[in-house]
Amino acid sequence: MTVYEIDPTKDERWDDLLHSHAQASIFHTRGWLEALHRTYRYTPIAFTTSPPGSQLTNAIPFCRVPGFLGRQRLVSLPFSDHCVPLVENQEELTCLLRYFRERLECHQCSKVQIRATEAVAADGALGTRQAPLVLHTLDLRTGVDEIFHNFHPSCIRRKIRRAECEGVRCEEGRSEALLGDFYRLLLGTRRTHGLPPQPIQWFRNLIDCLGYSLTIRVAYLKSRAIAAILTLRYKQTMVYKYGCSDRQSNLSGGVQLLLWSAIREASRLGLVEFDMGRTEADNPGLLAFKDRWGAARQPLSYLELPSPQRSPFAGRRAGIRSYLCAHAPDAVLVTTGRLLYRYMG
């Protein structure tokens, strides 16, 4: 098969492909790709075996992500939890994967990463899989009463009731005021995790490019923002993409109340799935938190060509990074994120 390159943000066939393919997600959409381009200046590109002028029946979208030393990576897709190749059969996938290997051998890029499911990434002859990740999804078809009953009685249900009793109120929308409260909480949460925050312009561009598909929800105790989440909606799925909170107020149940509000809204809209995002398999705390919502686990395993090499100094670098993030002034941390995230996709 011949492989063709297209621009998914400009090809008129792209939306029809997403509409017809069952595994298309918010991360495949023009809005997500456009926000990546505006924020990080990534160049979107998709590879397909469908000739120009014919119906687009398959494609894998990528962005060209620059490296610190100038060599580009192809990532499908940056900052997405998953981006399943939109193919009809294994033959099409094999053809495209072989094409990527040829690009590597010709030094046209330094690495190819596909953020897919374990089943898609299983062909070891064409690539290697990273350490497994876990995707949690909640089935909304059982109804809100059954969903609430399946929550952990103390860690989830009791926290929701406590938040309601303490008078925690939730606001939602896409205003600059809500974004400001969300971002202040995000800065504190990222600092706690030893990471710089994403650029605030990333969220502004997501709001602009995704419109009503994106919602910011903020929980307030009296007049103080104590927790916030950002959700995305596409087809029959709502995605919990970002969450943050004030650690001193975690006992008030702000995050739990916000997630419950989002789940009820998704159910009211007739959606069938609440996607709680990916978690690293070696993060037992976050895995347990998502398990307590009654969400089902699904393995994710990213395909990477060539095989990823773990540096023997990775642990030491992570320790240094955590220390610096914990002690750096807010302005320094924000600037660091704005400079580095372009290379972290």
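Here are some notes:
- Over all orientations, the stretch 158-212 has a Cα convex hull whose mean projected area works out to 5.1 square nanometres.
- 3J(HN,Hα) along the stretch 266-273: 4, 5, 4, 7, x, 6, 10, 9 Hz, from the Karplus curve 6.51 cos²θ - 1.76 cosθ + 1.60 with θ = phi - 60°, whole Hz, x for Gly and Pro.
- Potential lengthening between Gln298 and Arg268 on full extension [0.36 nm per residue; Cα-Cα distance subtracted]: 8.3 nm
- Against the chain, whose longest principal axis comes from its Cα atoms, helix 200-210 is set at around 70 degrees.
- Near Asp11: Cβ cut-off under 14 Å, other residues only, Lys/Arg at +1 and Asp/Glu at -1. The net charge is -3.
- Calculated translational diffusion coefficient of the stretch 141-271 (37 °C, 0.692 mPa s; Stokes-Einstein with Kirkwood radius over alpha-carbon pairs) equals 216 µm²/s.
- Folded to 0 to 90 degrees: helix 330-344 orientation relative to the chain principal axis, Cα: 30
- Counted residue by residue at 0.36 nm each, then reduced by the alpha carbon distance between them, the extension gain from Gln248 to Leu340 reaches 30.2 nm.
- With at most 13 neighbouring Cβ atoms within 10 Å, loop GluC sites (Glu not before Pro) (DSSP) excluded, longest segment of the chain: 89-345
- Qualifying lysines (Cα of each under 21 Å from Cα of Lys222; at least 8 residues distant if same chain): Lys159
- Cα-based equivalent ellipsoid of the chain: semi-axis lengths in Å, sorted from largest, via gyration tensor: 34, 24, 19
- The stretch 40-89 and the stretch 157-220: distance between their alpha carbon centers, rounded to Å: 29
- Nearby lysines by direct alpha-carbon distance to Lys235 (threshold 22 angstrom, same-chain neighbours under 8 apart not counted): Lys10
- A simple spin-label model places the labels of Lys235 and Thr94 2.6 nm from each other, with each point 7 Å out along Cα-to-Cβ.
- The residue list Phe47, Gln113, Gln198 was ranked by how far each Cα lies along the charge dipole of the chain toward its positive end, using unit charges on Cβ atoms, and Gln198 comes out on top.
- Between 0 and 90°, nearest 10: helix 314-327 axis offset from the chain longest Cα axis: 40
- Over all other residues within a Cβ to Cβ distance under 9 Å of Ala262, the charged ones net out to 0, with Lys and Arg as +1 and Asp and Glu as -1.
Laboratory data are not the source of any read-out in this text; all were calculated from the coordinates shown. Being a predicted model, the structure only gives us computed values, none of them experimental. Heads up, the Cβs are rebuilt from the backbone with ideal geometry, glycines too, and the neighbour counts pull from every protein chain shown.
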